[in-house]
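Everything on this sheet refers to the single structure shown next.
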Amino acid sequence: MRAERDRQYGNIFAEANSDERWVGDLGEIAFNSWLKHNKINDHEWILTGAAGRPDFVLANGVRLGVKTVKRQGPPYEDYTAQITARHIDEPIDQFFFMSYDIVSHEMWLLGGIDQARFLQQARYYKAGDFVHPHYQIRPGHEIYNIEIMKLARPDEWLSEVIGL
């Protein structure tokens with residue numbers, strides 16, 4: 001999946017060996033499976049021509065951006081979620097965040113937030129800024145970052161977005 005997307009779009013970032021870019025694709029696979037597990041089958045997963053488009057579109061028209069980061073361990077309450085600054089203007093109504101534990105190979109569903117609230121509450125980090133002592137923003141990798149405690153929990157978010 002990652003190789004096919006790279007053929008279609010290339011890579012818009014300078015890549016480091018530790019990036020593990022496939023984690024974002026794995027997040028989409030897990031999110032699609034989670035929707036199906038919750039008996040939501042009438043959604044579109046945009047796999048081709050996806051550049052500048054949402055990752056998923058629900059039957060009610062809600063456009064979703066699924067964002068997954070890799071970490072070495074499970075999430076803690078003080079963790080944050082992020083989107084790449086270059087993606088801030090994509091046509092998204094809702095973001096859903098996930099964290100992949102690269103050591104234990106576990107995917108954590110963190111929660112979701114609507115784009116407007118995300119933009120109001122997120123902090124922008126430019127190149128050179130430190131998100132925390134072990135994470136400095138590389139040039140071209142600027143982000144918007146929000147505390148995961150500000151996200152709606154996965155099941156609550158899903159009910160809200162689907163309208164259950």
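In the chain, helical runs assigned H by DSSP with n ≥ 4 each contribute -39500 (n - 2.57); averaged across all residues and rounded to the nearest 500, the mean residue ellipticity at 222 nm is -7000 deg cm²/dmol. DSSP assigns beta bridges within the chain; of those with both partners inside it, close to 75 percent run antiparallel.
Only Lys, Arg, Asp and Glu carry charge here, each on its Cβ (+1 for the first two, -1 for the last two); on that basis the chain has a dipole of about 220 debye about its Cα centre. Let me confirm the definition first: pairs of Lys residues in the chain, 8 or more apart or on different chains, C-alpha distance under 22 Å. How many are there? Going through the chain pair by pair, I get 7. Can you tell which of VAL62, VAL103, VAL23 shows the greatest fluctuation in a Gaussian network model of the chain with Cα springs below 10 Å? Taking springs between Cα atoms under 10 Å, the residue moving most is VAL103. Taking max minus min of the alpha-carbon positions on each principal axis, segment 2-162 gives extents of 42, 37, 33 Å, largest first. Near GLY128, once Lys and Arg are set to +1 and Asp and Glu to -1 for all other residues with Cβ below 11 Å from its Cβ, the sum equals 0.
The convex hull of the Cα atoms of segment 39-87, projected and averaged over all directions, covers 5.4 nm².
Here, each number is a calculation from the coordinates, and none is a lab measurement. Since we're looking at a predicted model, the values are computed, not measured. Don't worry about glycine lacking a Cβ; one is built from the backbone with ideal geometry, like all the others, and counts go over all protein chains shown.
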